[in-house]
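See structure below.
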Amino acid sequence: MIKFFLMVNKQGQTRLSRYYEHVEINKRTVLEAEVIKNCLTRSKDECSFVEYKDFKLVYRQYAALFIVVGIDQTENEMAVYELIHNFVEVLDKYFSRVSELDVSFSVSEIHLL
């Protein structure tokens, strides 16, 4: 089961977050900071799956954006890895090339609807 979905830039700023379980706001900031630190400090040669506390992190980097998905121990990492890629392909079709500005724009557009 997916616990959360994050889009983060290279500076470690969260650009989009979606939680599928209730997490208090103050705990979200701590969780995001730790998750971002764990993923951004890894080299490109390392695996994109990270065990973290009681769940796993699956992440992919696209240019200046990192997409991080937190999943429970029973979820298939490769399926989530492909889900991230499919999500980015959809964004590419919509925006022609996904960038940090596109993500900020799409989030504000969704809030307007």
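The values are calculated or read from the model by the stated rules, or taken from the named source; none is laboratory data. Just so it is clear, the model here is predicted, and its values are computed rather than measured. Cβ atoms come from the backbone with ideal geometry, glycine included; neighbour counts cover every protein chain shown. Heavy atoms of the whole protein, side chains included, go into the accessibility calculation; ligands, DNA and RNA do not. Shrake-Rupley method; radii C 1.70, N 1.55, O 1.52, S 1.80 Å.
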With the structure loaded, tell me whether Phe105 is surrounded by 15 or more Cβ atoms within 10 Å (Cβ to Cβ), at pLDDT below 90 and hydrophobic (A, V, I, L, M, F, W, C) or whether it fails that test. no
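Considering the range 72-87 alone, what residues qualify as being out of contact with any strand residue (DSSP E or B) (no Cβ under 6 Å at 6 or more places or on another chain), assigned to a helix (DSSP H, G or I) and open to solvent by less than 80 Å² (accessible area, probe 1.4 Å)?
Ala79, His85, Asn86, Phe87
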When you look at Glu21, is it charged (D, E, K, R), exposed (fewer than 13 other Cβ atoms within 10 Å of the Cβ) and at pLDDT 90 or above, yes or no? yes
Residue tally, condition under 14 Å from Ile71 (Cα atoms), touching a Phe, Trp or Tyr at 6+ places or on another chain (Cβ under 9 Å) and part of a loop (DSSP other than H, G, I, E, B), over the range 10-53: 3
